[in-house]
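Have a look at the structure below before the remarks.
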Amino acid sequence: MRKCSYIFALLCLLCPVRYAVAQQELTLHFMTDIIQSSTTNPAFLFENKAIIGIPSLAFNYGNNAFAYRDLIRQDQDGQSYLDVENIIGKLSRRNYLQTQLNIDLFRIHFKMKDWYLSISSSEKMNIKLGYSRDLVELAWYGNANKIGQTMDLAPELNMTYYRELSFGVGYKKESWQMGARFKYLTGIADLASSDESITLYTDEAHYAITVETDFLLNSAGVNNFLKDPLQAAFSFSNSGFAMDLGGTYQFNEKWSMAASIVNLGFIRWKDDVTNYSSRGSFTFQGIELESLFEEESFSFDELQDSLEANFGLKENQDPYTSHLVPRLYVSTAYSFRTTSQVSALFYGEIFDGFQPAMALHYQEQVNAYFSIGASYSIKNKTYANFGLSTVISYWKMQAFFVSDNFVSVFIPKRSKSVNFRAGINFRL
């Protein structure tokens, strides 16, 4: 056990300090008394004969660069204004913003001797936006302060809405618990960039502007969804599959360890597909003012045709595949009393590289009706994330609330990340 603890600590120390906003719902992983925690590890099993989760909501927002109050500020008279210069000073070379909304339609868990079965369905809406500091500076200042430098302007865009229907199976043998979850995915709408490269260079001698592009934007289901959201929501033209794998091991009465990888999967987009691509370069020397007043000496139509020819602008309808963001959970827990437990988690997402996060958690079972937990996590380039988890049980009903940064739920304008999950389960 000591060796495992050393390995866990080493992972935490060696993981690179490069955070994006891909981390979310770390505290949920520690709430092993509610079936929703099994979304982080399918090997979290429950001894009730049946558990039914009615519709519940999970929301996550993350911004690794600035908070709302950094952008929208107030002057001495109390008037709000846009302070772009303030946030430019806070931007990194690459910056990320994300929002996720997850609606659990239902979640059902069964126990059959040593086997555990589950079925669930949920609506998932994800937005991930990556942008460069150069892009914001160009929009606000222009290119005057970047003469002789190459500016990175390409955004990274990933917006998707899909439905997930999952079937889980778990098995318990002595100190081991193993689980797997298989998911059928129905893609409803998607907008995603690929091969993101757009650069701008301003020549020092003649101030000629050279733009080079190697960019692809895929779109699927968007037109159908805007025309008839209800019909698009029940279309099965874009489908895919995913899988979660996990395991836990109980070393003794006090120590346990868990590991899982979730969201190994893809969606194949075939219906209502449009691909927009650009690969090429164009140098703009400027426009002589006198040519604007001379007939047939300058044509904006010719300039547009030249741009299209040089940038290789194309529009196709080729099907494409998008992949889910895989998530890794490795945790250890120590129960020093029958009602008290401390835990630690190493977490990572594979999105624009490997994006790590870490969390510590303490949970206390106050009585048969109430448990409460507190967590501390490092994520999104922030070090003041204090989470809260509560479970209230009465009769067969179980109500829960969890957040990685519960203070931000009440003061979202001051926070770089806001997330929470709340719902009700019935245990039979």
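The values are calculated or read from the model by the stated rules, or taken from the named source; none is laboratory data. Worth saying up front: this structure is predicted, and the values here are computed from it rather than measured. Here Cβ is always computed from backbone atoms with ideal geometry, including for glycine, and neighbour counts include all displayed protein chains. Heads up: the accessible areas ignore ligands, DNA and RNA and are worked out on the full protein's heavy atoms, side chains in. Shrake-Rupley method; radii C 1.70, N 1.55, O 1.52, S 1.80 Å.
Restricting Thr210, Thr202 to residues that are buried (at least 16 other Cβ atoms within 10 Å of the Cβ) and not aliphatic (A, V, I, L, M) narrows the list to Thr202. Determine which single condition Arg73 fails, assuming it passes every other condition in (1) without any contact (Cβ under 8 Å) to a residue 12 or more places away in the chain; (2) in a strand (DSSP E or B). Among (1) without any contact (Cβ under 8 Å) to a residue 12 or more places away in the chain; (2) in a strand (DSSP E or B), Arg73 violates only (1). Among the residues of the stretch 335-376, those identified as among the charged types (D, E, K, R) and either under 27 Å from the mean Cα position of the chain (by Cα) or under 15 Å from Gly387 (Cβ atoms) (or both) are Glu349, Asp352, Glu364. If the condition is being among the hydrophobic types (A, V, I, L, M, F, W, C), buried (at least 21 other Cβ atoms within 10 Å of the Cβ) and in a strand (DSSP E or B), then the stretch 324-345 contributes only Leu345. Residue check: Ser219 meets all listed conditions (1) part of a helix (DSSP H, G or I); (2) in contact (Cβ under 8 Å) with a residue 24 or more places away in the chain but one, namely (1). Scan the stretch 44-63 and give yes if some residue there is of a type outside the set (A, V, I, L, M, F, W, C) and without any contact (Cβ under 8 Å) to a residue 60 or more places away in the chain, otherwise no. Scanning the stretch 44-63 turns up no residue that is of a type outside the set (A, V, I, L, M, F, W, C) and without any contact (Cβ under 8 Å) to a residue 60 or more places away in the chain. Every listed requirement among (1) of a type outside the set (Lys, Arg); (2) under 27 Å from Asp70 (Cβ atoms); (3) at pLDDT 95 or above is met by Asn385 save one, (3).
Each residue in the stretch 180-196 was checked for being among the hydrophobic types (A, V, I, L, M, F, W, C) and without any contact (Cβ under 8 Å) to a residue 60 or more places away in the chain, and 3 of them qualify.
Of all residue pairs spaced 6 or more apart or on separate chains, those with beta-carbon atoms under 8 Å, a first member in the stretch 132-150 that is under 15 Å from Gly89 (Cα atoms) and a second member that is buried (at least 17 other Cβ atoms within 10 Å of the Cβ) and among the β-branched types (Val, Ile, Thr) are Val136/Ile87.
One line per residue, one yes/no per condition, for (1) open to solvent by 30 Å² or more (accessible area, probe 1.4 Å); (2) modelled with pLDDT of 95 or more; (3) under 14 Å from Arg421 (Cβ atoms):
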site: His361; (1), (2), (3): no, yes, no
site: Ser371; (1), (2), (3): no, yes, no
site: Ala374; (1), (2), (3): yes, yes, no
site: Lys379; (1), (2), (3): no, no, no
site: Val391; (1), (2), (3): no, yes, yes
site: Trp395; (1), (2), (3): yes, no, no
site: Asp404; (1), (2), (3): no, no, yes
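Somewhere in the stretch 159-170, is a residue without any contact (Cβ under 8 Å) to a residue 24 or more places away in the chain and over 30 Å from Leu217 (Cα atoms)? No: the stretch 159-170 contains no residue that is without any contact (Cβ under 8 Å) to a residue 24 or more places away in the chain and over 30 Å from Leu217 (Cα atoms).
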